[in-house]
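The values are calculated or read from the model by the stated rules, or taken from the named source; none is laboratory data. All of these numbers come straight from a predicted model, not from anything done at the bench. Glycine gets a Cβ as well: all are built from the backbone with ideal geometry, and neighbour counts include every protein chain shown. SASA here: full protein model, heavy atoms, side chains in, ligands and nucleic acids out. Shrake-Rupley method; radii C 1.70, N 1.55, O 1.52, S 1.80 Å.
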Amino acid sequence: TNGGTGYTSDPTVTISGDGTLATVSTITRNAGVIKKIAIDTKGSNYSYATVDISGGGGISATAKAVIAPDNGHTSNIFYEL
């Protein structure tokens, strides 16, 4: 949601919530700004999650966890809407 500024190395990204085992493996930076965070393991049993970004020498980066339904987006369009 915000790439922040001043990142000189990859920050630590932590996913917390009511599920388990979600991990991040790839963080793409360009000119000190975080451009992409890739999920290595999506984990399981999340109904909510928060993303914490710390370290890396920068400030102000934020991200939002988007949790898809069990069978993926659009598997039950009426439920999602």
About its Cα centre, the chain carries a charge dipole, from +1 on Lys and Arg Cβ atoms and -1 on Asp and Glu Cβ atoms, whose size in debye to the nearest 20 is 300
Here the FRET efficiency for Val33 versus Ala68, based on Cβ atoms and R0 = 25 Å and rounded to 0.05, is 0.40
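Measuring with a 1.4 Å probe in the full set of protein chains, what accessible area per residue, in whole Å², belongs to the chain?
Details: 5620 Å² over 81 residues.
Counting only protein heavy atoms, the per-residue value for the chain is 69 Å².
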Expressed as a percent, the accessible surface of the chain that is carbon or sulfur, using a 1.4 Å probe and the full set of protein chains, is 50
Computed from the beta carbon distance with a Förster radius of 22 Å, FRET efficiency for Thr1 and Ser44 to the nearest 0.05 stands at 0.35
